[in-house]
Amino acid sequence: MTAKRIVFAAATLAMALVAQGAQAQCPSSDPGCTEYTGGSTKTGFFRISVPSSWNGDLMIVNHGFDLDPTNINPHRACKKNNAPCVVDGDCAIVGDVCTEIDLFGFDEYLLPQGIAVAASTYSQTGWSVFASRKDLKAILKYMKKTPDLGAPARTFVSGFSMGGAVTLDWSIRANPKGTFGIAPLCPAAAGGLASWDAATDLRMAFDYTCSGVSGAFFAGAVDQSGDDAVYPTQTQIAIKFDACFGNLLGSPTPEDQARYDDWLSITGHTGSPLEAATLMGFATQGMYDTVQPKKKLSRKPIAYNPYGQVTYADPAFDAGVERFPEYPKGRKKLGKNYDPNYLKGKAAKVTYPIVSLANDDDYLTIPGMNQVIQSAWTAGGKDYTTAWVNGGGHCNFTEFEVNATVQSMLDWADTGTQPSAADIETACLALPGASAGDCDFDQAFTVPEFTDRVPARPDWPDAAK
């Protein structure tokens, strides 16, 4: 692969227990591997690929944002009736599709090393999968109880975007015993409060900039997003976005462009208009999915930007933006999830290798998010290495860059020698078939402060402030 590719996209996510057992679906790199599947809607469904010569190690790879509840489905089962399948054509119902729990190519290069690879659908959708640590534990429990497997000797965890946040949450809230390294990739790493305050500010900036523009109104409060029944669809978001800014479906008028320039100034967005509209999806659809469900925040408000305590860089926006007092119940519950604090509890016990990868101009999981988690690691006395890749987009990595990052974490666990970012680039260039364009690291990048984009709230953890 010589071109960057977006890899954060949703992975597989229903309504019945899956029959557990082996299936013949191994990659060409290890055609003799064994596939195991298990799980339920309560714990999420999972897939485990075990190499023919298993050394006892396990890599769990976590998928990114996905709002489709029908993706919480058994591996290689038709969504509508859970009938076994390999391809969509195996499903008898017209329009039905065959679920595939994606291993993101990790199996292709880890199975030959004797490392098993697993992935979960999670038991929840969205960007706030609060039960993810329990979902991952279900994989380990299954392996421990399965005679042909047994508990892994060492467990490593990785994931993209929200899956990177799941990886971090595992290191913070799950018992670290048995974990020997994590590799968060383009992670949503600012923690629950700071990440969703960033989304709230995006929505408030849109409401402020587009106030009075016909067709640009979003229903629902900024921290609820949508009416009582449903959040806006992607098409509705695009129509509202274009109604205000005119740069998705046609050519903007001077007034449209002026509004868009104001929105860019307020938000600091550096991506394309299409990517900006995608951000609004997280600020509306993702917000709705976080706040509304009973098993998440049960409609408890979370917006919090009291005047005099939260100051926005744009003076006009600071003077005119809607203000919200603290709603402690919703924010307290949100703050417990993905809290970037390695100074207490199980997180304080983390001593294993941490190697992360991020884009230096990611429009979604902005570089400042990585500043938050790096500050948390530093405060907690953790050893870590972060490598930066040139480019915008989101999780815009090559296969070589991902492989080198994950392999560097594994090598650190094996040898005890911490790699530098330069070492990861060298490892990337040494991969068969890799070119300089495949390993486009930015060694000179300095991570900006998260608060350069999002003003701190009084209740944020110290790492976010």
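The values are calculated or read from the model by the stated rules, or taken from the named source; none is laboratory data. Quick caveat, the model's predicted, so the values are computed rather than measured. Positions of Cβ are backbone-derived with ideal geometry, glycine not excepted, and every protein chain shown enters the neighbour counts. Ligands, DNA and RNA are excluded from the accessible area calculation, which covers all protein heavy atoms including side chains. Shrake-Rupley method; radii C 1.70, N 1.55, O 1.52, S 1.80 Å.
As a summary of the residue check, Ala216 satisfies the conditions (1) surrounded by fewer than 18 Cβ atoms within 10 Å (Cβ to Cβ); (2) assigned to a loop (DSSP other than H, G, I, E, B) except for the one numbered (1). For the stretch 167-201, what are the residues that are open to solvent by 20 Å² or more (accessible area, probe 1.4 Å) and on the phi > 0 side of the Ramachandran plot? Residue satisfying the conditions is Gly178 alone. Looking across the stretch 242-277 at every residue that is in a loop (DSSP other than H, G, I, E, B) and within 26 Å of the chain's Cα centre (by Cα), the one that is farthest from Ala194 (Cα to Cα) is identified as Leu248.
When the residues of the stretch 393-414 are filtered to those that are part of a loop (DSSP other than H, G, I, E, B) and under 17 Å from the mean Cα position of the chain (by Cα), the one that is nearest to Phe106 (Cα to Cα) is Cys395.
One residue alone among Gly181, Gly215, Gly150, Gly220 is of a type outside the set (D, E, K, R) and within 23 Å of the chain's Cα centre (by Cα), and that residue is Gly181.
Considering only residues in the stretch 376-392 that are surrounded by fewer than 20 Cβ atoms within 10 Å (Cβ to Cβ) and closer than 25 Å to Leu279 by Cα, the one that is modelled with the highest pLDDT turns out to be Asn390.
Okay, residues lined up against (1) modelled with pLDDT of 95 or more; (2) assigned to a helix (DSSP H, G or I); (3) touching a strand residue (DSSP E or B) at 6+ places or on another chain (Cβ under 7 Å):
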| site | (1), (2), (3) |
| --- | --- |
| Pro112 | yes, yes, no |
| Val117 | yes, no, yes |
| Ser128 | no, no, no |
| Lys134 | yes, yes, no |
| Thr155 | yes, no, yes |
| Ser158 | yes, no, yes |
| Val166 | yes, yes, yes |
| Trp170 | yes, yes, yes |
| Gly181 | yes, no, yes |
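Check the stretch 89-104 and report whether any residue there is open to solvent by 50 Å² or more (accessible area, probe 1.4 Å), closer than 30 Å to Leu357 by Cβ and within 22 Å of the chain's Cα centre (by Cα). For the stretch 89-104, residues open to solvent by 50 Å² or more (accessible area, probe 1.4 Å), closer than 30 Å to Leu357 by Cβ and within 22 Å of the chain's Cα centre (by Cα): present.
Somewhere in the stretch 204-211, is a residue open to solvent by 20 Å² or more (accessible area, probe 1.4 Å), of a type in the set (Gly, Ala, Ser), out of contact with any helix residue (DSSP H, G or I) (no Cβ under 7 Å at 6 or more places or on another chain) and under 23 Å from Ile302 (Cβ atoms)? Among the residues of the stretch 204-211, at least one is open to solvent by 20 Å² or more (accessible area, probe 1.4 Å), of a type in the set (Gly, Ala, Ser), out of contact with any helix residue (DSSP H, G or I) (no Cβ under 7 Å at 6 or more places or on another chain) and under 23 Å from Ile302 (Cβ atoms), which makes the answer yes.
Scanning the stretch 353-375 for residues that are of a type in the set (Ser, Thr, Tyr) and open to solvent by less than 10 Å² (accessible area, probe 1.4 Å) yields Ser356, Thr365. Among the residues of the stretch 141-153, those that are within 15 Å of Thr37 (Cβ to Cβ) and in a helix (DSSP H, G or I) comprise Lys141, Tyr142, Met143, Lys145. Being open to solvent by less than 50 Å² (accessible area, probe 1.4 Å) and under 21 Å from Gln113 (Cα atoms): is that true of Val454 here? No, not satisfied.
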